Amino acid sequence: MASSPSGKPVLYSYFRSSCSWRVRIALALKGITYDQVPVNLLKDGGQQLAAEFQVVNPMQQVPALKIDGITLSQSLAIIEYLEETRPNPRLLPQDQKKRAQVRMISDHIVSGIQPLQNLAVLQRVGEKKLEWAQHYITNGFQALERILKNTAGRYCVGDEVSMADLCLVPQVYNAERYKVDLALYPTITRINKTLLELEAFQVSHPTKQPDTPAELRA
Amino acid sequence: MSAALVKPVLYSYFRSSCSWRVRIALALKGITYDQVPVNLLKDGGQQLAAEFQVVNPMQQVPALKIDGITLSQSLAIIEYLEETRPNPRLLPQDQKKRAQVRMISDHIVSGIQPLQNLAVLQRVGEKKLEWAQHYITNGFQALERILKNTAGRYCVGDEVSMADLCLVPQVYNAERYKVDLALYPTITRINKTLLELEAFQVSHPTKQPDTPAELRA
């Protein structure tokens, strides 16, 4: 069945997955009510690898969103679909060049930083995983800080919250988790702080999800 | 100077799959451009040079100077080309099919290629072939399952889309890292069909200004 009995969209999510968090922020910003099905990436050898989840998402990853009779994965593909079908409030600027900058920043984080420090890769790297994660986040943030000096206003691109901001906050959370020194990135730090004041970034936070472990719950 | 009078400039490396995606898009849309090769291996990596950092602070290829701005990230570039030069289309009109095209593109561009790009393999060192094969295999197993649902003649239905621009360079990488493609019949079929199109040929790594003589077609 392609949607829950209530007809609401269903989000398969893990509390600490930054990819899932991006989508949770988008749903919150757009005021879309949904049901959440937690998928624990660590338990049972990784619940995302279970046969029944492969039916939901052949890519065996979170997030996955069941909506309007289809199932989508890949956080930015999901967000762009939400943007096209539920356009208010906007997450992409109207100006084509600013839209391109939003996508460029989003892609830099989503392709250029996060995959290099995601759970599966760090498990494979093994012992040196902290150094590995720090290396790729640092590299990525050095480039991002330079880009943002050109594009940022109050937020990543100008003064409106965009898809780029949805990618930034979870990546900063990861940077903190892996003890990256953020003092070197004042623009990133300022924008992150400003975004975390918004309700959508709070209700979607890893410390406030149905599957957040008790010891991490806010 | 009017940006409209100046041809776009693409900073590219012949073998960079990210650059190839953009070369295909420019060819499909009939956009004439100048190419500036950036050698990722020579001189410690020309993408790290100070003068290139001015062009692209992200220090990566591809980068495209167009309409007075410089963009990086292949999919961001392709989406900009799609919005400003909409014919022929690279994204379907149907919203759900558009989402599938983006999903497949993102899977390749975030879920496979970064894990086997040059910089990562340099860091992995000795075991890099095994590492590359692992991530391409994982990614292709998932992609084969997805494509069984979405594919027609091409990745999504019967029109060439952004997903196809991502597929062909990734298959080239799979072959380069000796991944057994017999396990992925849908991927293989679509790749073969796409390589018959002129845009996928003129943009091929063996036919670029910076292709070394020994690899040139």
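Before moving on, here are some points about what is shown:
- Segment B:157-216 and segment A:29-45 have their alpha-carbon centroids 36 Å apart.
- The fraction of accessible area contributed by carbon and sulfur in segment B:1-106 is 51 percent, rounded to a whole number (1.4 Å probe; ligands and nucleic acids excluded).
- All aspartates and glutamates inside 15 Å of A:Lys179 as judged from Cα atoms, apart from same-chain residues fewer than 8 positions distant: A:Glu131
- Using a probe of 1.4 angstrom and keeping all protein chains present, the accessible surface of segment B:95-201 works out to 41 square angstrom per residue.
- Point-charge dipole on Cβ atoms (K/R +1, D/E -1) for the protein assembly as shown, about Cα centre, debye to 20: 60
- Pairs from the table (A:Lys98/B:Lys42; A:Lys30/A:Lys193; A:Lys43/B:Lys127; B:Lys7/B:Lys207; A:Lys149/B:Lys128) lying more than 26 angstrom apart at Cα are A:Lys98/B:Lys42; A:Lys43/B:Lys127; A:Lys149/B:Lys128.
- Charge dipole magnitude, Cβ of K and R +1, D and E -1 - segment B:10-87, Cα centre, debye nearest 20: 260
- Projecting the Cα atoms of B:Ile112, B:Leu48, B:Gly68 onto the dipole axis of segment B:23-158, where Lys and Arg carry +1 and Asp and Glu carry -1 at the beta carbon, places B:Ile112 farthest toward the positive end.
- Volume per residue for segment A:96-201 equals 91 cubic angstrom (convex hull of Cα atoms).
- Rg and Dmax of segment B:103-153, Cα atoms only, in Å: 12.5, 40
- In this structure, A:Glu215 and A:Ala120 have a Cβ-Cβ separation that, at R0 = 41 Å, corresponds to a calculated FRET efficiency of about 0.95.
- In straight-distance terms, cross-link reach from B:Lys29 covers every one of the aspartates and glutamates whose alpha-carbon lies under 18 Å from its own, apart from those fewer than eight places away in the same chain; here that gives B:Asp67, B:Glu79, B:Glu82, B:Glu83, B:Asp158, B:Glu159, B:Asp164, B:Glu196, B:Glu198.
- Per-residue ³J(HN,Hα) for segment B:151-165, Karplus 6.51 cos²θ - 1.76 cosθ + 1.60, θ = phi - 60°, Hz, x for Gly and Pro: 7, x, 5, 10, 4, 10, x, 10, 10, 4, 9, 3, 4, 5, 5
- Within segment A:69-218: Cβ-based charge dipole about Cα centre, in debye rounded to nearest 20 (Lys, Arg +1; Asp, Glu -1): 240
- Computed from protein heavy atoms with a 1.4 Å probe, the total accessible area buried between B and A is close to 3800 Å².
- q = 0.06, 0.09 Å⁻¹, the protein assembly as shown: log10 I(q)/I(0) [Debye, one scatterer per Cα]: -0.23, -0.53
The values are calculated or read from the model by the stated rules, or taken from the named source; none is laboratory data. Quantities reported herein were computed from a predicted structural model and do not represent experimental measurements. Quick reminder, even Gly has a Cβ in these numbers, built from the backbone with ideal geometry, and neighbours come from all protein chains shown. Side chains included, ligands, DNA and RNA excluded: accessible areas come from the protein's heavy atoms. Shrake-Rupley method; radii C 1.70, N 1.55, O 1.52, S 1.80 Å.
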